[in-house]
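Please treat every number below as a calculation from the coordinates, not as lab data. As the structure is a computational prediction, the values presented were derived from the model and not from experiment. Note that each Cβ is placed from the backbone with ideal geometry, even for glycine, and that neighbours are counted across all protein chains shown.
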Amino acid sequence: MEILFLIIVLVVLALAVFSSRKEQASKADDRKDQVRQQKEDFAQEDVMTYGQVQQRREDLLNVLDENLGDKPDQRDQIKKIINDWADLKIKAFQDRRSWVRNPDKGTAS
Amino acid sequence: MPEKDNEQSSSGGFAKTTDFKWLGIGLAIFALIAFIMPMPDSMVLKAEELFKGQAGVDVAMKAMHIKIIIALLSTCVIFFATEAVPMPAVALLIGLVQLLFGITDSRNIVGTYAHDAVWFIAGSLALGATLVKYGLDKRVGMLVINLAGTKTRMIVIGILLGTAIPTAFVGEHAVAAMYVPIAMALYTLTNKSTPAPRLGTLLMVTIAVGCMIGGPMSPTGGARNALMIGFLADYGIEVSFMQWVSMGIFYTACMSVVMAFILPLLFKPEVSDLSEAVGLLKKDLEKHGAMTGKQKLVALIMLAVVVLWIVDKSVTRDILGFSLGLGGVAISGAVVYMLLGLTSWKDYEDKVSWGVIVLYAGCISLGSVFKATGASSWFADQIMSLVAPLGLDSGVGLVILVGVIGAILTNLMSAGATVAVIGPVVLDMAVTANTNPILVGVGLAIATSMAYWLVIGTPASSIVYASGMLESKDFIRMATVGWPAALIVLAIMVAVYWVGILGINPLGSGF
């Protein structure tokens, strides 16, 4: 009788262990797929480095100064939009970099 | 790798809600063993052996308590394995079962959760969180790149040591998450000129293996070690920080050498020299600058904590007349960080997994009641009767048998759960067989680091797997050679190093 109970308990424990491992492995696969998808999305983004953004910002501001010199209010508004765009672009670039290339990432000093 | 993924991969059963299917099965198993299964004669005999003659003791009731605790253990195994119930709830359930079935008096329930080992786990997690906050783990990674040279094999050795040593003090998921970007950068920079997928796999597997072989080196290398120290204390055996290190360092050193040889053979990299990638990576790392004053202070305090751990049973005891305990020292360090304004309570709230602390406090409680009721003694007797004919029921043979069982179970459950479930049993087996419990206990804790076979074996394995640089079959490939090698190293360590060189008496009861 004791053997029967022992077998039942061992079978249930084995089922619990193996079914959970299967579920956990499937979750690990999902995480891996998410990371892969994220990398693919990054690859398709129009990502610009810090230097490229600064160059583009400078070019656009020069164009503004040349063409809207007589409309200072409009020029300043568009300048603000360009600066905001450039800051966002730089932030997007920095955020996707790991701590190796982004010294400030997640570390107190 | 996104931080969120790291958190998820290491959250285990703490972020989940109840899975009612497995909750039902767990409770059914509890009822089956506790109330439906007839009382085995051996349990009544064990209760008589342990409690007969004590005033006011009902032997039948004591035998019932043994049965209930065995039922509770089975249910805990199901919950630990399936993570069907939030882990801290399982930890609290352990106390509730003791309370509801009259096994432990309500005034003593909280006491079964309280132990220096629990303080030690809490303090170590807080210290680790502060080291990670100040990027000191990253400094180790930078040091590895600066010292390892440019040869692929040397970089593998550097990563093995550079992950193993921090893992002895900081959570392995943090170490793995820190190293993945380094490995990814080395791979990406090399891959631009020479396609090198096997190099990527090799570097990632090396990180996972390094994290696994570092834990056994010190008591802070994982909650399982602290748990075992707690269980040994229940038998009146103290293991100091240095005693553990002197036992565990052999395994880490030998496995570093063995794996540095095996891994490049299994995952033969396309390139043997990474000069260009290492050069570019060094330039990036130079941008981090020198260590700041605060980083140095954090490192200095951690160093002081390690020194206090080392001298706790000698100098500290001589000066104060008593030792602070591993937990006392760890908590002191964590508090000093706060007092000096290096970290805040909010940081500890956010970065320390308090669920882990509750869980291991529950495991300590389970171990305590397991011993107090005689359940561990009964369980040990049953296993001893099975292994006696094989000649593995005492001495070095028993230690190796326990190591093999631990190395198998840790691939099926987490390392901590394995120690929690079988730790009290194997210690009772050791006591019954006149075998030194230190050899059996520390041997088991080290064996539970061998979760080589699956991508979900450890948090570090899951993190490197998510990088996309390797497949689950790569883990099996590594384990096919690495797991038996680890068991051989364990056996040699027990028979030659522990008994022969350290002179630990296999038939004694202390260091």
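Structure data summary
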{"quantity": "Between segment B:78-117 and segment B:145-185, the alpha-carbon center distance in angstrom", "calculated": "38 Å"}
{"quantity": "Within chain B: Cβ-based charge dipole about Cα centre, in debye rounded to nearest 20 (Lys, Arg +1; Asp, Glu -1)", "calculated": "940 debye"}
{"quantity": "Charge tally in the Cβ shell below 15 Å around B:L412, where Lys, Arg are +1 and Asp, Glu are -1, B:L412 excluded", "calculated": "+1"}
{"quantity": "Gyration tensor (alpha-carbon) shape descriptor, segment A:1-44, a/c threshold 1.5", "calculated": "prolate"}
{"quantity": "Test item: A:23-36 mean partner chain Cβ contacts at 10 Å", "calculated": "6"}
{"quantity": "Net dipole in debye of the protein assembly as shown [+1 Lys, Arg Cβ; -1 Asp, Glu Cβ; about Cα centre; nearest 20]", "calculated": "720 debye"}
{"quantity": "Efficiency of FRET between B:T150 and B:I262 - r from beta-carbon atoms, R0 22 angstrom, step 0.05", "calculated": "0.50"}
{"quantity": "J(HN,Hα) series, segment B:148-164, from Karplus relation 6.51 cos²θ - 1.76 cosθ + 1.60, nearest Hz, glycine and proline x", "calculated": "6, x, 10, 6, 4, 5, 5, 5, 4, 4, x, 5, 4, 6, x, 8, 5"}
{"quantity": "Descending semi-axes in whole angstrom, ellipsoid equivalent of chain B, from the Cα gyration tensor", "calculated": "40, 25, 23"}
{"quantity": "Amide H within-cut-off set for B:D273, under 5 Å, with H built and near neighbours excluded", "calculated": "B:T152"}
{"quantity": "Selected from B:F30, B:S193, B:G482, residue furthest toward positive end of dipole (the protein assembly as shown; charges at beta carbon)", "calculated": "B:S193"}
{"quantity": "Burial order of peptide ranges B:63-75, B:145-157 (average beta-carbon count within 10 Å, highest first)", "calculated": "B:63-75, B:145-157"}
{"quantity": "Order by protection proxy (mean Cβ within 10 Å, highest first), peptides A:74-83, A:94-103", "calculated": "A:94-103, A:74-83"}
{"quantity": "Nonlocal amide H pairs with B:D19, under 5 Å, H built at 1.01 Å", "calculated": "B:V85"}
{"quantity": "Alpha-carbon centroid distance for the pair segment A:1-78 / segment B:441-511, whole angstrom", "calculated": "33 Å"}
{"quantity": "Phi to ³J(HN,Hα) by Karplus 6.51 cos²θ - 1.76 cosθ + 1.60 over segment B:205-212, Hz, x for Gly, Pro", "calculated": "4, 4, 4, 4, 5, x, 5, 6"}
{"quantity": "When the convex hull of its Cα atoms is projected in every direction, mean area for the protein assembly as shown (nm²)", "calculated": "32.7 nm²"}
{"quantity": "A:D46-B:S509 pseudo-label distance in nm [points 7 Å out on the Cα-to-Cβ vector]", "calculated": "7.8 nm"}
{"quantity": "By average C-beta atoms within 10 angstrom, highest first, the peptides B:123-132, B:236-245", "calculated": "B:123-132, B:236-245"}
{"quantity": "Amide proton proximity set for B:S218, modelled H, under 5 Å, gap of 5+", "calculated": "none"}
{"quantity": "Karplus-derived 3J(HN,Hα), 6.51/-1.76/1.60, for each residue of segment B:405-421, Hz, glycine and proline x", "calculated": "4, x, 5, 6, 5, 5, 7, 9, 10, 6, 4, x, 5, 4, 5, 4, 7"}
